Amino acid sequence: MKTCKRIGKRQGDVIICKSKIPADAFERNDRVIARGEGSGHAHVISAGDAKLFVAPPTTAKPEGGLYLKVYSDSAIVSHDTHPDVAFPKGEYEIGFERELDWYTGLSRKVAD
């Protein structure tokens, strides 16, 4: 996800936008969206009937993709150091804030 073209929500370095889940995505068997590399804190689905899906890499999206599907009226994403964020029933793409490494010229996921 380069930019969120649709209205989305943010929780720290995690950005979640309304989006369709690709047909070839497969279900993940956990509720952890992301875990901090330094802090160990995690962005997790803490309430509601929701599942995570992973799309395989493609030419257009070499890193693949992570998606959230909310089956209940809403689901809550929680983190120890950020306010809870509620998502209504629907499908969402999950992205992560990125930063530029000025020495290499490469973009990388922000470390938490």
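The set of residues from segment 47-106 being over 16 Å from the mean Cα position of the chain (by Cα) and on the phi > 0 side of the Ramachandran plot comprises Gly48, Gly105. Within segment 18-29, the set of residues being part of a loop (DSSP other than H, G, I, E, B) and surrounded by 14 or more Cβ atoms within 10 Å (Cβ to Cβ) comprises Ser19, Ile21, Pro22, Ala25.
Yes or no, residue by residue, for (1) under 10 Å from Leu68 (Cβ atoms); (2) at pLDDT 95 or above; (3) not in a loop (DSSP other than H, G, I, E, B):
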{"position": "Met1", "(1), (2), (3)": "no, no, no"}
{"position": "Lys5", "(1), (2), (3)": "no, no, no"}
{"position": "Arg10", "(1), (2), (3)": "no, no, yes"}
{"position": "Ile16", "(1), (2), (3)": "yes, no, yes"}
{"position": "Ala34", "(1), (2), (3)": "no, no, yes"}
{"position": "Glu37", "(1), (2), (3)": "no, no, no"}
{"position": "Gly40", "(1), (2), (3)": "no, no, no"}
{"position": "His43", "(1), (2), (3)": "no, no, yes"}
{"position": "Leu52", "(1), (2), (3)": "yes, yes, yes"}
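Cβ separations smaller than 9 Å between residues 6+ apart or across chains give the following pairs from segment 80-94 residues that are closer than 14 Å to Val14 by Cβ to residues that are surrounded by 15 or more Cβ atoms within 10 Å (Cβ to Cβ) and among the aromatic types (Phe, Trp, Tyr): Tyr92/Tyr67; Glu93/Tyr67; Ile94/Tyr67. Being farther than 21 Å from Arg28 by Cβ, assigned to a strand (DSSP E or B), modelled with pLDDT under 95 and aliphatic (A, V, I, L, M) is the requirement here; does Leu66 meet it? It is false that Leu66 is farther than 21 Å from Arg28 by Cβ, assigned to a strand (DSSP E or B), modelled with pLDDT under 95 and aliphatic (A, V, I, L, M).
The values are calculated or read from the model by the stated rules, or taken from the named source; none is laboratory data. Owing to the predicted nature of the structure, the values given are computational and were not obtained by experimental measurement. Cβ sites come from the backbone with ideal geometry, for glycine too, and all protein chains shown count toward neighbours.
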